[in-house]
Amino acid sequence: MDIELTVNGTTTQLSADPGVTLLDALRERLDITGPKKGCDRGQCGACTVHVGGRPVLSCLTLAATVKQPVTTVEGLADGERLHPVQQAFVDQDALQCGFCTPGQVMSAVAAVEQDVDDVREFMSGNICRCSAYPNIVAAIEQARRADATV
Ligand code: FES
Ligand code: FES
């Protein structure tokens, strides 16, 4: 079937199986590899992207059902200028191997935008095998402070 996806501001038409996931469409058809395939069953958060500004697990989302714009980690920076959450991850050394980081960043952006009460609970769907959790929380706190000063 024909599928139209708008990702990071660019609209593309695809011909794909109706069962193709958003994650596979992004990675294998559009060559957007920020979203990672960790578990491919909704348990790790590595595939997190935004659809219509809300975080979703792209491995559990059918590409054909996506009607709103998609943002991946590749779409966050403003040219050479990192998104405040990306900058905070750098400043707080909030990654080790980096595999989970694109998903962590996308969830973290949502946490900052939604001004959530319980950051740890909000981020609990994003697993980090390197246990960078304290630094990830510190990065979100930094980004929230930056957000509050805008
Ligand atoms: S790859 Fe989607 S939740 Fe793990
Ligand atoms: S930084 Fe390695 S899995 Fe999170």
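The values are calculated or read from the model by the stated rules, or taken from the named source; none is laboratory data. Every value quoted in this text rests on a predicted model; they were computed, and no experiment measured them. Note that each Cβ is placed from the backbone with ideal geometry, even for glycine, and that neighbours are counted across all protein chains shown. For accessibility, only protein heavy atoms count, side chains too; no ligands or nucleic acids. Shrake-Rupley method; radii C 1.70, N 1.55, O 1.52, S 1.80 Å.
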Next item on the list: List every residue pair whose Cβ atoms lie under 9 Å apart, where the two residues are 6 or more positions apart in sequence or sit on different chains, the first residue falls within region 127-149 and is hydroxyl-bearing (Ser, Thr, Tyr), and the second residue, located anywhere, is within 16 Å of ligand 1 (Cβ to nearest atom) and part of a helix (DSSP H, G or I).
Entry: 133/123
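Looking for whichever is in contact (Cβ under 8 Å) with a residue 40 or more places away in the chain and outside the structural domain of residue 109 (by TED's automatic domain parsing) here; the options are 71, 10. Which one fits?
Working: 10 fails: in contact (Cβ under 8 Å) with a residue 40 or more places away in the chain.
Just a single option satisfies the conditions, and that option is 71.
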Notebook entry, point to check: When you go through 46, 108 one by one, which is the residue that is buried (at least 23 other Cβ atoms within 10 Å of the Cβ), of a type in the set (A, V, I, L, M, F, W, C) and part of a loop (DSSP other than H, G, I, E, B)?
Noted result: 46
Notebook entry, point to check: Hey, among the residues in region 31-43 that are charged (D, E, K, R) and more than 19 Å from residue 18 (Cβ to Cβ), which one's surrounded by the most Cβ atoms within 10 Å (Cβ to Cβ)?
Noted result: 36
Notebook entry, point to check: From 77, 64, which residue is more than 12 Å from the chain's Cα centre (by Cα), farther than 28 Å from residue 120 by Cα, modelled with pLDDT of 95 or more and among the hydrophobic types (A, V, I, L, M, F, W, C)?
Noted result: 64
Checklist line | Residue satisfying all of: in region 49-75; within 20 Å of residue 95 (Cβ to Cβ) and more than 15 Å from ligand 1 (Cβ to nearest atom); surrounded by the fewest Cβ atoms within 10 Å (Cβ to Cβ) among these | finding: 74
Next item on the list: Count, please, the residues in region 27-47 that happen to be closer than 12 Å to residue 99 by Cα and in contact (Cβ under 8 Å) with a residue 40 or more places away in the chain.
Entry: 8
Notebook entry, point to check: Before we move on, is residue 145 open to solvent by 50 Å² or more (accessible area, probe 1.4 Å), charged (D, E, K, R) and more than 16 Å from ligand 2 (Cβ to nearest atom)?
Noted result: yes
Notebook entry, point to check: Taking region 80-97 as the search range and keeping residues that are among the charged types (D, E, K, R) and more than 12 Å from residue 143 (Cα to Cα), which one is nearest to ligand 2 (Cβ to nearest atom)?
Noted result: 93
Notebook entry, point to check: Filter region 117-132 for residues that are touching a helix residue (DSSP H, G or I) at 6+ places or on another chain (Cβ under 8 Å) and open to solvent by 20 Å² or more (accessible area, probe 1.4 Å); which is farthest from residue 36 (Cα to Cα)?
Noted result: 120
Note to self: I need a count of the residues in region 88-105 that are more than 16 Å from ligand 1 (Cβ to nearest atom), at negative phi and either in a loop (DSSP other than H, G, I, E, B) or not assigned by TED's automatic domain parsing to the domain that holds residue 144 (or both).
What the structure shows: 4
Next item on the list: Filter region 122-143 down to residues that are under 17 Å from the mean Cα position of the chain (by Cα) and part of a helix (DSSP H, G or I), then give me how many there are.
Entry: 10
